1. Please go through the residue pairs Lys101/Lys222; Lys101/Lys139; Lys176/Lys222; Lys96/Lys133; Lys49/Lys139 and name each one whose alpha carbons sit more than 31 Å apart in this structure.
2. Would you compute, for the Cα atoms of the stretch 103-228, the largest minus smallest coordinate along each principal axis and list the three values in descending order, in whole Å?
3. Looking at the chain as a GNM with Cα springs under 10 Å, which of Gly150, Gly77, Gly67 has the largest mean-square fluctuation?
4. Which GluC sites (Glu not before Pro) in the stretch 29-88 sit in a loop by DSSP (not H, G, I, E or B) and have at most 12 other Cβ atoms within 10 Å of their own Cβ?
5. Antiparallel versus total DSSP beta bridges in the chain: what percent is that, nearest 5?
6. I'd like the distance separating the alpha-carbon centroids of the stretch 190-215 and the stretch 68-133, in whole Å.
7. Given contacts defined as C-alpha pairs under 8 Å and at least six residues apart, what's the relative contact order of the chain, whole-number percent?
8. What do you get when you divide the Cα radius of gyration of the stretch 49-180 by 2.2 N^0.38 Å, with N the number of residues?
Amino acid sequence: MIHTVLSVSFALWLVTQAFPPGADAATVIAGIVRTQSGQPLSGLVLLEKGEIHNNRWDRGALVDASGRFRIELAEGGQYGLHAYSSGYLYKPNAVKVESDKTLEVEVVLVPEPTRANDPVIKRVEFVTSETRKGRVTIKMEVTDPNGDLGPQVLAFDAATGRAFAMAPPRWVWTLKSNYPDGVYQLEVDTSKALTDPRDWHFVVADHKCNTTDVLSFPHEPKPPRVIR
């Protein structure tokens, strides 16, 4: 009898070692993006790691037609959550995510009263390097009518869940400076996994939260429309 109890106890101990408490727990930020009237909005949600507006972009997710998104994180901590939907002013939020828990958030976006102040994505191209094997450079030409473009010239790879700030055409002293018009670039390492343009999405915002439409494949910019 004692031998049986010890055997069962040892078996249970092995189970707890193989499946420790919280082994299935994940650190997640999830939520919904909607209008003031409650209608769901599709689009894009991107995360900065650390304090908001530090331009250290980490991960992101597409927002589906029901307005829902979900992002798994490597660790908890402070993040800057930015939500974008075509025709709406983008919304930044500072959030704190606890490790091994899910933070549910709701983001409400307001339509842009005019699109005349929006930055403009003129073209996007994927250029394979002839001298550096396994490298692709993404080039995006951006202009801003008011000259107040910010550092948010952003690219998102839905295949990996990674978000990136693209490099400006010339050095900018501070994140609060007005960024220049021109061709922004991002070099991608394709030596381990090929880059498919269909997975990439782009968005640009200025210092006053005016935002381009979210540009997805085939990356052909169209005149932006005002939401009525």
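1. Going by Cα-Cα distance, Lys101/Lys222; Lys101/Lys139; Lys96/Lys133 fall outside the 31 Å limit.
2. Largest to smallest, the principal-axis extents are 46, 35, 32 Å.
3. Gly77
4. Glu51, Glu75
5. Working: 57 of 65 bridges.
Percentage antiparallel, nearest 5: 90.
6. 10
7. 20
8. Its radius of gyration relative to the 2.2 N^0.38 Å reference: 1.17.
None of the figures in this text is laboratory data; all of them are computed from the coordinates on show. Please read these numbers as outputs of a predicted model, since none were measured by experiment. For neighbour counting, all protein chains shown are included, and Cβ atoms are generated from backbone atoms with ideal geometry for every residue, glycine included.
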